Structures are given as C-alpha cells and as structure tokens.
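The values are calculated or read from the model by the stated rules, or taken from the named source; none is laboratory data. Nothing here was measured: the structure is a model prediction, and the numbers come from that model. Note: ideal-geometry Cβ built from the backbone for every residue, glycine included; neighbour counts use all protein chains shown.
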Amino acid sequence: MTERRAHTHGTGTGVPDSSAQDHSGQDAPRTDPLQQPTVTRLANGRQVPIPRQKRPGPYRVPPRAQRHGLLIVNTGDGKGKTTAALGVLLRAYGRGMEVGMYQFVKRLTNTGEHRVARRLGVVMEALGAGCTGARSVTDTDIARARAGWQRVQGVLAEGRYDVLILDELTLPMTWGWLDEQDVIEALRGRAQGTHVIVTGRHAPEALVAAADLVTDMRVIKHPYRSEGLKAQGGIDV
C-alpha cells in the first residue's frame, strides 16, 4: 500500500510558511491574533483557520433608548449605603459609562472617594454644610439643600449621566427641607436610561414605592458602638 504524503512547501508542518505573501506580493505579518489572515490557503491547499470573532456578551451596556434606567435606594441604619453606591459608580466607570455623584448634607471634599474622583475626572460634589447631629439646623443648611436640589433637577432632566448617585438625599426629604412629591416626580421624569442611586437613612415610603431596588442596611455590629472607635481614613472617609 502506497503511503500518501501531503505535498507542502516551506516548513512541511502544515502551517503557512513565514515567507507567506498577500495578493500584492508583499509580506503580511499579523500582529493581532483576531485579524483576518491575508493568506486564505496554506501551501498544501488547505484553508487557513479563521479566528473566531468575539461577540458582545449579555452584560454589554445597551444604548439609552434600550436601557431600563433603575431607581435604586440604599437605606437603613447600618454602614455601607454610600460605600455600596460607590462600588456601582466604579463598576459603571469601568464599562465606559458617564457617572457622577452629588452629596446632600455632607461638606467634606477631600475624602478618599473625592481624591479618586478627581484622578478619574468624575464629578463628585458635596452640597451641604455638614452633619447636623451635634448642632442646630440653620437656614444655611436648608438653603444649601434646596439649591443643590435645583442643580440636580437639571442634571436629571438633561440625562448628563448614565449613573447618578444622590448621596444622603433621603435626609432633606425626611426633614422637610425638600418637597417629597417634587423629588419623586423629578426622579420619575428623569432622562431615559438614567440609573439613579439614592442613599440615606429613613427613606420615605413614597421613595421606596417608586424605586426598582431597595436595600435596607441593618446594624449587627459596629466598632463605633461596641469599641468606641472613630471613623478611619480609607474605611469611612
């Protein structure tokens, strides 16, 4: 029985010779493994395998017109409401989405998240005068909350961001600084495809009812209460 041998040129291994040329007669090296080969047939007549092109996965970011913008609420007495929202901000930024954060009540502008935001070019603004737990509420506190809300209303309507965090918004709503119904209507009327995350304790029932996703952070153990430890940089601020 006569042994059949493949007739090949070059290396004789069944792979294209390194001297393979395109139709113009010039060498055509491929540096991208997914690039279509210019030589479609090997020297032995076999067809060159075509690299499989990667298709968009199921978690790709759809266009605004095809996106269901979520209203997410992180509430409760436990730690992690703002922290969880920042995690979504980072995830969305990694997907190439426009993200931003406006913080009601809070006044600090050099926390860890603000430092990162400046490096990334992400808008993150503190709109308040500071926590009111250990002092009396002033007209300035209320005025800042209302002025901040006016700015946010415009941002919601124009659809500047794919993901927008409204940190501690529940507080001025609960305290009566902002009209609860006006806030709910503005959130419902936001631009198509905008995801909004609202954080803060004591979320009003109307906000909870309007939301798509609500998480109640519950305290099980906290070092401030059990050990008297104050807020620490990198963990809390």
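I'd like the full set of residues that are in contact with a strand residue (DSSP E or B) (Cβ under 7 Å, 6 or more places away or on another chain) and under 18 Å from Cys131 (Cβ atoms), limited to segment 204-237. Hit for segment 204-237 is Met217, nothing else. Residues considered: Ala65, Ala129. Of these, the only one that is at pLDDT below 95, buried (at least 18 other Cβ atoms within 10 Å of the Cβ) and more than 14 Å from the chain's Cα centre (by Cα) is Ala129. Taking segment 170-237 and the helices (runs of 4 or more DSSP H) fully enclosed by it, the elements with 2 or more residues that are of a type in the set (A, V, I, L, M) are at 170-174, 180-188, 205-210. Among the residues of segment 142-174, which ones are surrounded by fewer than 22 Cβ atoms within 10 Å (Cβ to Cβ) and either hydroxyl-bearing (Ser, Thr, Tyr) or out of contact with any strand residue (DSSP E or B) (no Cβ under 9 Å at 6 or more places or on another chain) (or both)? Matches in segment 142-174: Ile142, Ala143, Arg144, Arg146, Ala147, Gln150, Gln153, Gly154, Ala157, Glu158, Gly159, Thr174. On the stretch given as segment 125-172, residues that are closer than 21 Å to Val88 by Cβ and aliphatic (A, V, I, L, M) total 11.
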